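Colleague: My questions all concern the structure below.
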Amino acid sequence: MEIKKTALYETHAKLGAKLVEFAGYYMPIQYRGIIDEHKRVRSTVGLFDVSHMGEFFISGPRALDFIQQMTINNAAKLEINQAQYSAMCYPDGGIIDDLIVYRLADRYMLIVNAGNLQKDWNWLVEHQMPGADLVNRSDELSLLALQGPRAAETLQPLTAVDLATIDTYHLADGKVAGIDALIARTGYTGEPGFEICVENQHAREIWDGLMKAGKAFAIEPIGLGARDTLRLEMKYCLYGNDIDETTQPLEAGLGWITKLKKGEFIGRDVLLAVSQQGLKRRLIGFTMQDRAVPRHGYPILAQGKPIGVVTSGTFSPMLQQGIGMGYVQIGFDTVGTPLEIDIRNRISRATVADTPFYKKS
């Protein structure tokens with residue numbers, strides 16, 4: 001299968017990015033270095049190309065009914081120009097994907113994970129109902145994520161939209177650098193920021209405009225490597241690591257988006273039963289007490305006995321210690337509980353942590 005390139009591929013190449021295949025695309029993993037890029041986003045502002053993500057549009061008189069059936073959050077609560085974090089589940093409660101639902105003036109948009117794009121699309125088409133029209137524009141649209149404490153100051157000179165009026169998980173139609181764009185106050189870093197959706201042919205112009213506008217704040221291009229460490233410091237789930245078809249939303253700490261009282265949706269019966277019977281395991285965050293870095297798949301122990309497995313792990317640039325996430329048996333999920341991580345047959349001490357790991361001063 002041919003590896004795709006985003007509209008900004010040449011830009012990344014010229015900037016000296018380390019480009020690798022990711023979810024079917026050549027994507028920049030890093031430019032100057034993951035730790036430096038991570039700290040740039042935390043301190044001022046950074047710019048990501050996340051155009052590999054999928055964009056599906058749903059319209060028609062039964063668009064909302066369809067979204068309600070397919071997703072676990074309550075999309076009926078959305079006002080025009082509002083977004084919500086949600087997920088789709090299989091009938092057994094396993095997670096197909098986590099996604100964001102946007103309510104636009106005349107339709108809905110779903111932004112889905114790149115690695116699940118075709119699977120998600122096939123699932124939606126398979127369950128499509130009359131009166132709900134589906135359009136996949138993933139190959140036509142680019143998505144840029146401007147993230148960091150100075151994101152608004154960087155973007156504001158390029159748009160007439162008053163960015164201060166866009167609340168978190170809200171969006172606005174407007175122009176950026178004179179180009180029609182969707183401006184959403186969303187992100188995957190834990191910092192203030194915006195995700196800007198534009199037609200592919202305008203992506204480079206928007207990118208260049210943002211890089212120029214952000215010079216005063218030492219803006220840098222940021223790769224997917226730092227995107228991963230940033231999201232992990234916030235304990236944001238990554239599909240394929242922390243959640244997948246073998247995990248359910250309630251055990252993954254996603255009970256807050258699982259609206260069991262909204263009415264029928266795929267997977268509801270199983271999730272309702274789980275909520276009544278109680279969980280057997282839970283996704284926790286932990287910090288390393290020893291100087292060690294946990295990784296996906298490492299066993300989690302308590303007093304030498306296996307009680308779970310690491311799903312994500314890294315060295316936190318802000319905390320300067322190893323942090324991770326993983327599923328553990330109920331009873332070992334309380335903050336402060338001592339754990340051990342088996343790192344290549346070497347036992348390292350850890351503790352169940354209060355999350356998010358990184359809290360702004």
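Bear in mind that the values in this text are calculations on the coordinates, not laboratory data. Everything quoted here is computed from the prediction, not taken from an experiment. With ideal geometry, Cβ positions are generated from the backbone for all residues, glycine too; neighbour counts draw on all protein chains shown.
Colleague: Tally Lys and Arg at +1 and Asp and Glu at -1 over the other residues with C-beta under 11 Å from the C-beta of GLY33: what net charge comes out?
Modeller: So the surrounding residues net to +1.
Colleague: Let me check I've understood the local charge: for GLU340, count other residues with C-beta under 12 angstrom from its C-beta, Lys and Arg +1, Asp and Glu -1. What total comes out?
Modeller: +1
Colleague: Give the order of HIS52, HIS127, HIS296 when sorted by the count of other beta carbons within 10 angstrom, beginning with the fewest.
Modeller: Ordered by Cβ neighbours within 10 Å, fewest first: HIS127, HIS296, HIS52.
Colleague: Add -39500 (n - 2.57) for each DSSP H run of 4 or more in the chain, then divide by its residues: what number comes out at 222 nm, to the nearest 500 deg cm²/dmol? Write down the numbers at each step before the final one.
Modeller: Details: 8 runs with 70 residues, N = 361.
Result for the chain, helices only: -5500 deg cm²/dmol.
Colleague: While we're on this one: Once you have the Kirkwood Rh of segment 94-243 from its Cα pairs, apply Stokes-Einstein at 4 °C and 1.567 mPa s and quote D in µm²/s.
Modeller: The estimated diffusion coefficient comes to 77 µm²/s.
Colleague: Still on this model: Using unit Cβ charges (K, R positive; D, E negative) and no other charged atoms, how large, in debye to the nearest 20, is the dipole of segment 159-257 about its Cα centre?
Modeller: With only Lys, Arg, Asp and Glu charged at Cβ, the dipole is about 360 debye.
Colleague: Just to be sure I understand the curve: with the Debye formula and one point per C-alpha of segment 1-63, what is log10 I(q)/I(0) at q = 0.14, 0.21, 0.28, 0.29 Å⁻¹?
Modeller: Ignoring solvent entirely, the Cα scatterers give -0.52, -0.88, -1.24, -1.27.
Colleague: Kindly rank 216-228, 3-15 from highest to lowest mean number of other beta carbons found within 10 Å of each residue.
Modeller: Those peptides, ordered most packed to least, come out 216-228, 3-15.
Colleague: How large is ³J(HN,Hα), in whole Hz, for each residue of segment 50-61 in order, when computed from phi with the Karplus curve 6.51 cos²θ - 1.76 cosθ + 1.60 and θ = phi - 60°, using x for Gly and Pro?
Modeller: Working through the residues one at a time gives 10, 5, 6, 5, x, 10, 10, 10, 10, 9, x, x Hz.
Colleague: Below 12 angstrom from the Cβ of VAL135, what's the summed charge of the other residues (Lys, Arg +1; Asp, Glu -1)? Before the final figure, lay out the partial values.
Modeller: Numbers: positive: ARG107, ARG137; negative: GLU55, ASP133, ASP139, GLU140.
Within the 12 Å Cβ shell, the charges total -2.
Colleague: I need to check one value: relative contact order of segment 157-299, counting alpha carbon pairs closer than 8 Å and at least 6 residues apart, in percent.
Modeller: Once normalised by length, the contact order is 14 percent.
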